[in-house]
1. How many partner chain Cβ atoms sit within 10 Å of a residue's Cβ in peptide A:324-336, on average, as a whole number?
2. If I model a spin label at A:Met1 and A:Asp343 as a point 7 Å from the Cα along the Cα→Cβ vector, what separation in nanometres do I get?
3. How far, in whole Å, is the nearest Cβ of chain A from the axis relating it by rotation to chain B, and which residue carries it?
4. What is the dipole size for chain A, taken about its Cα centre, with +1 at each Lys and Arg Cβ and -1 at each Asp and Glu Cβ, in debye to the nearest 20?
5. At A:Arg167 and A:Ala119, where each label point lies 7 Å from the Cα along Cα→Cβ, what is the point-to-point distance in nanometres?
6. Could you work out how much longer the chain between A:Thr326 and A:Glu158 gets when fully extended? Use 0.36 nm per residue separation minus the Cα distance between them, nm to one decimal.
7. Rounded to the nearest Å, what's the spacing between the alpha carbon centres of segment B:297-330 and segment B:180-243? Just the number, please.
8. Looking only at other chains, what is the average number of their beta-carbon atoms within 10 angstrom of each beta-carbon in A:90-99?
Number of protein chains: 2
Amino acid sequence: MRDTPCLVVDADVLEANLSAMAEHARARGLALRPHAKTHKSLDIARHQLAHGAVGLTVATVAEAEVFAAGGFDDLFIAYPIWAEGPRAERLRALTTLARVRVGADSVESVRMLAAAVHAGRRAAGSASDRADSTPLAIAVEVDSGHHRSGCAPDRAAEVAAAARDARLAVDGVFTFPGHSYGLGAGDDAARDEAAALTIARDALTAAGIPCPIVSGGSTPSAHAADQGVLTELRPGVYALGDAQQWELGSCDPASIALWALATVVSRREGIVVLDAGSKMLGADRPGWTTGFGRVLDAPEARIVALSEHHATISLPVGMDAPAVGTRMRVAPNHVCSAVNLADALVIERAGVETGTWSVSARGANT
Amino acid sequence: MRDTPCLVVDADVLEANLSAMAEHARARGLALRPHAKTHKSLDIARHQLAHGAVGLTVATVAEAEVFAAGGFDDLFIAYPIWAEGPRAERLRALTTLARVRVGADSVESVRMLAAAVHAGRRAAGSASDRADSTPLAIAVEVDSGHHRSGCAPDRAAEVAAAARDARLAVDGVFTFPGHSYGLGAGDDAARDEAAALTIARDALTAAGIPCPIVSGGSTPSAHAADQGVLTELRPGVYALGDAQQWELGSCDPASIALWALATVVSRREGIVVLDAGSKMLGADRPGWTTGFGRVLDAPEARIVALSEHHATISLPVGMDAPAVGTRMRVAPNHVCSAVNLADALVIERAGVETGTWSVSARGANT
């Protein structure tokens with residue numbers, strides 16, 4: 001018996017999720033480069049490559065370091081890295097272990113990346129500094145409607161040209177259609193993604209800059225990814241699923257492979273309090289969700305309040321409050337946040353614990 | 001130069017916060033038992049004891065284990081612990097290292113705690129099992145209006161009597177007036193706290209159960225803690241402060257001792273994007289806050305969106321967007337969540353880094 005709360009992964013459900021997305025990408029001729037920030041696990045990443053993923057996406061240099069040390073040699077840091085100080089040196093070291101692609105959405109960040117890489121090459125006394133031998137490639141991030149990072153699609157060539165002029169390889173363009181995270185928003189976000197990437201790709205081509213990679217994808221928009229434009233998909237959450245995907249309709253509850261196992265510690269009429277709070281589930285709570293996660297064993301229940309070590313569950317009318325000590329499974333709203341709070345995941349097959357997997361890149365933020 | 005994002009603590013501001021709350025408690029004749037879940041740091045806890053704290057409050061057995069191993073011998077696990085399985089054994093082991101008080105809000109949980117402790121005592125072959133030598137004391141948790149855990153105040157004697165009957169020591173009663181977390185709610189929450197604790201204390205007394213400890217307090221209600229009823233205060237956040245306390249009026253921005261140091265990685269008209277997202281700041285965002293944290297270097301700016309590695313900042317009219325690469329300080333909404341995401345805190349005095357402190361109890365959830 002394990003003490004609660006803890007995060008549990010059903011390895012069979014995970015495997016089915018990996019297989020389904022791999023098949024989806026394969027059928028559309030898209031390269032699959034799953035985002036490893038979701039699981040931060042070398043074990044899960046190995047399974048993704050076994051299903052045919054071409055490499056991994058990560059969010060930070062620190063995540064890339066963990067996966068490179070674990071033997072992954074094709075990494076895309078899909079983030080506009082500012083390569084100053086120790087991070088510049090770390091990025092150079094990383095390129096000795098893996099083929100590294102980095103996001104950029106400004107001329108300034110491209111120049112900083114180039115300075116970091118070329119300084120290292122000069123320091124190493126390399127005789128060659130031709131662009132085609134650069135160990136670091138750039139992908140230009142464009143905004144497709146999420147309005148986070150990313151330049152306007154029609155300015156992508158400007159950033160790509162700066163990379164070319166600074167003797168960095170250019171892989172192509174990418175976007176994150178994060179506005180797919182809204183009820184019924186996935187199809188429109190996929191259309192926005194395709195439109196923005198088309199403009200960006202065509203701008204690079206018009207500027208004489210080849211654009212072999214056109215990368216997009218989020219879990220809620222992956223089903224509608226435009227195979228006429230995209231060459232690469234980067235979903236992350238699909239591997240494990242969560243309450244948000246369930247409520248968005250991107251997965252059904254039976255496909256949620258990760259939950260927090262929690263214990264009823266307090267009860268009253270119509271209410272139970274579980275011992276999995278925001279320090280286990282994460283505090284993510286977009287306005288369109290029905291609560292702070294979902295109780296897999298009581299789908300009609302609602303998590304109406306969440307503090308650090310308490311989830312307050314409002315039970316459906318007619319349901320007797322489970323006794324204190326009862327164990328229940330809770331799907332976090334956002335699995336990426338939950339995993340990043342745990343040092344290890346408990347692995348089950350058919351309800352039987354088979355071991356644990358380390359969350360190797362937990363806290364790898366820098 | 002450190003890579004961003006990272007959490008920084010100004011040790012002088014911290015010290016001033018510790019001193020002010022210690023003086024507040026001392027002036028009112030209240031014992032101060034700070035909640036260590038806020039900082040999870042042995043270093044900060046030592047400073048709190050140096051300022052006169054009588055012991056620590058923690059939220060989990062795992063946190064208690066970390067602090068007991070660090071030499072703290074008076075611990076209150078202010079949580080309705082369900083002492084089953086490995087946790088029962090861990091609790092017994094803990095009582096050999098420290099004086100341990102545990103919360104309970106039901107007869108069932110009291111009986112489980114008693115079974116755990118007495119099983120251990122029998123196993124150890126102790127000749128004495130009188131209640132007054134019990135290494136574990138109970139405090140009855142009552143609900144004062146936050147409606148989380150805690151029994152109704154007029155039922156406190158029932159839980160206390162179960163503890164007495166099960167040969168557990170009873171320290172008294174406690175509550176967490178968490179409904180103090182609302183604009184202007186601190187004074188009313190303190191009144192509710194006093195009212196509930198008075199009912200509970202009087203119920204124990206009427207049942208012939210001594211009630212030496214009457215414990216309450218949250219940072220937003222501590223200023224109004226009723227010195228006529230309370231004997232003990234358990235605030236946590238006051239040590240470090242955060243954007244929520246600032247917006248509640250419980251601290252001013254100059255008293256915020258912890259921030260995330262972050263870098264501008266993307267910018268456009270009126271907007272900058274920083275590299276400190278929810279995996280550094282936490283995703284807490286109650287409806288009464290103005291955003292997902294506050295930018296200490298731009299108090300009028302608002303954090304309008306937060307994803308895992310991006311904080312999207314809307315700048316005030318007339319403020320030029322800082323250049324990519326600019327570093328800015330962000331106060332998280334809820335410092336307890338932010339600290340629990342970091343392995344270490346960078347310590348500064350007068351803007352100069354003096355070392356790091358480990359977040360020793362990070363992730364200690366069970």
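The values are calculated or read from the model by the stated rules, or taken from the named source; none is laboratory data. All values derive from a computational prediction rather than experimental measurement. Cβ atoms come from the backbone with ideal geometry, glycine included; neighbour counts cover every protein chain shown. With ligands, DNA and RNA removed, areas are computed over all heavy atoms of the protein, side chains included. Shrake-Rupley method; radii C 1.70, N 1.55, O 1.52, S 1.80 Å.
1. Numbers: counts 8, 7, 1, 2, 0, 0, 0, 0, 0, 1, 4, 0, 4.
Mean shielding by partner chains, rounded to a whole number: 2.
2. About 2.3 nm, to one decimal.
3. A:Ala283, 2
4. Working: 33 positive and 42 negative charges, 153 e Å.
I would put it at about 740 debye.
5. The two pseudo-label positions are separated by 1.6 nm.
6. Numbers: separation 168, 0.36 × 168 = 60.48 nm, distance 5.92 nm.
Going from the current span to full extension adds 54.6 nm.
7. So the two Cα centres are separated by 37 Å.
8. Values: counts 1, 0, 0, 0, 0, 0, 0, 0, 0, 0.
If you average over the peptide's residues, the count of other-chain Cβ atoms is 0.
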